[in-house]
Amino acid sequence: MDLVTIRSFDSYIDANIILGRLQEEGIVCFLKDEYTATILSNAIGNIKLVVPENQAERAKELLQQFDGEQKLP
């Protein structure tokens, strides 16, 4: 299974919220560098959200949908 990075996060909390929302929609997804990015974020490049290549397009569509939702103050 080839994995594709579809977004990166500098916030552990934001990464896990989006991970959970995608999983609720049936997208298989993982966080790469989840534990080391908080210590070495500049060297590693933050927390990466990865999905199987065959689900990447749907996951990106969902991310756009999530981004368009109203955020709480």
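The values are calculated or read from the model by the stated rules, or taken from the named source; none is laboratory data. All of these numbers come straight from a predicted model, not from anything done at the bench. Note: ideal-geometry Cβ built from the backbone for every residue, glycine included; neighbour counts use all protein chains shown.
At-a-glance table
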item	result
Residue within region 39-47 that is surrounded by 17 or more Cβ atoms within 10 Å (Cβ to Cβ), part of a strand (DSSP E or B) and at pLDDT 90 or above present	yes
So Val28, is it modelled with pLDDT of 90 or more, at negative phi and part of a strand (DSSP E or B)	no
Identity of the residue in region 1-25, hydrophobic (A, V, I, L, M, F, W, C), assigned to a strand (DSSP E or B) and touching a Leu at 6+ places or on another chain (Cβ under 9 Å), that ends up nearest to Lys60 (Cα to Cα)	Ile6
Given (1) hydrophobic (A, V, I, L, M, F, W, C); (2) at pLDDT below 90; (3) surrounded by 11 or more Cβ atoms within 10 Å (Cβ to Cβ), index of the condition Ile18 fails	(2)
